[in-house]
Ligand code: ADP
Ligand code: 5GP
């Protein structure tokens, strides 16, 4: 059995009985925001609070940094290997960021959604647009803002990963990305390592409870005046407005 299949089976077991009975598809949680804003820290905090959420490991041509693990942080590829993955249709969306390519592997993401497993992605604004277009019903987009640009610069400097030139490049890019915030459904300010993940979890919990994300419940009660077969009393539209 491949490690991906094993991971999916383990995660499926972790799903609550109610979620499985409700035939829920996995929710795709898209997190974007400037480099250094705290997306990685926020996602780690969220995954501690909510172990049912899994991480979508991207492929990249960027060099591996100290402390990063192949297949956990990223799948590290040469440019030729990455281009071959695109040509073979293995990459769902990709973007170029500060001279490197980054992309979301398609099959792992699709398998998790189909198995009802929630997946979180840390991707660029362009990537977020592509994922929203691919999964308009099953995704939620969250933009992560730093408390201020000064804090952002301090954070990038503080983690001592980038050269001065790369830092400038990332700050310039940050301003372009923040300009796109209106395309997103939610915003989280990464002002606290403990509280920001709680706010992200609140968003995810609310999204999971959306009526259209619980088709099994609708089916269970259809015929009793709820769902597609019943007629909602008091409206002449069968409740379609409330469902969106
Ligand atoms: P990103 O994934 O967006 O590039 P990181 O999660 O790597 O950002 O965070 C960048 C730096 O900022 C790290 O050194 C991290 O420890 C720090 N950091 C992240 N979130 C906060 C926060 N809420 N308060 C203070 N520092 C933070
Ligand atoms: P870093 O080099 O700091 O790990 O990542 C740089 C940027 O690439 C971050 O903004 C991150 O969100 C983005 N990124 C990482 N993986 C992907 C991906 O699969 N697709 C896209 N579009 N962006 C990604």
Would you point out which residue out of 233, 222, 192 is modelled with pLDDT of 85 or more, exposed (fewer than 15 other Cβ atoms within 10 Å of the Cβ) and farther than 20 Å from residue 124 by Cα?
192
Just to be sure I understand, how many residues within the stretch 44-81 are under 27 Å from residue 154 (Cβ atoms), in contact with a strand residue (DSSP E or B) (Cβ under 8 Å, 6 or more places away or on another chain) and without any contact (Cβ under 8 Å) to a residue 60 or more places away in the chain?
6
Note on the stretch 133-160: residues touching a helix residue (DSSP H, G or I) at 6+ places or on another chain (Cβ under 8 Å) and either over 12 Å from residue 189 (Cβ atoms) or part of a helix (DSSP H, G or I) (or both) are 135, 137, 138, 139, 140, 141, 149, 152, 153, 156, 157
Could you list all residues from the stretch 148-166 that are surrounded by 17 or more Cβ atoms within 10 Å (Cβ to Cβ) and touching a residue at least 12 places away in the same chain (Cβ under 8 Å)?
152, 153, 155, 156
Does the stretch 24-43 contain any residue that is over 23 Å from residue 110 (Cα atoms), more than 14 Å from the chain's Cα centre (by Cα) and without any contact (Cβ under 8 Å) to a residue 40 or more places away in the chain?
no
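Among the residues of the stretch 155-185, which ones are within 16 Å of ligand 2 (Cβ to nearest atom) and under 16 Å from the mean Cα position of the chain (by Cα)?
From the stretch 155-185, those within 16 Å of ligand 2 (Cβ to nearest atom) are 155-163, 165-181, 183-184; that's our starting set.
Across the stretch 155-185, the qualifying residues are 181, 183, 184.
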Just one of (1) in contact with a strand residue (DSSP E or B) (Cβ under 8 Å, 6 or more places away or on another chain); (2) without any contact (Cβ under 8 Å) to a residue 24 or more places away in the chain trips up residue 145, so point out which.
(2)
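Residues to consider are 89, 45, 26, 71; find the one that is under 28 Å from residue 149 (Cα atoms) and at pLDDT 90 or above.
Details: 89 fails: under 28 Å from residue 149 (Cα atoms); 26 fails: under 28 Å from residue 149 (Cα atoms); 71 fails: under 28 Å from residue 149 (Cα atoms).
None of the other options fit; the residue is 45.
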Would you check if residue 177 is touching a residue at least 40 places away in the same chain (Cβ under 8 Å) and away from ligand 1 (no atom under 16 Å from the Cβ)?
no
Among the residues of the stretch 42-74, count how many are within 12 Å of ligand 2 (Cβ to nearest atom) and closer than 26 Å to residue 184 by Cβ.
11
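The values are calculated or read from the model by the stated rules, or taken from the named source; none is laboratory data. Only a predicted model underlies this, so the values are computations on that prediction, with no experimental measurement involved. Heads up, the Cβs are rebuilt from the backbone with ideal geometry, glycines too, and the neighbour counts pull from every protein chain shown.
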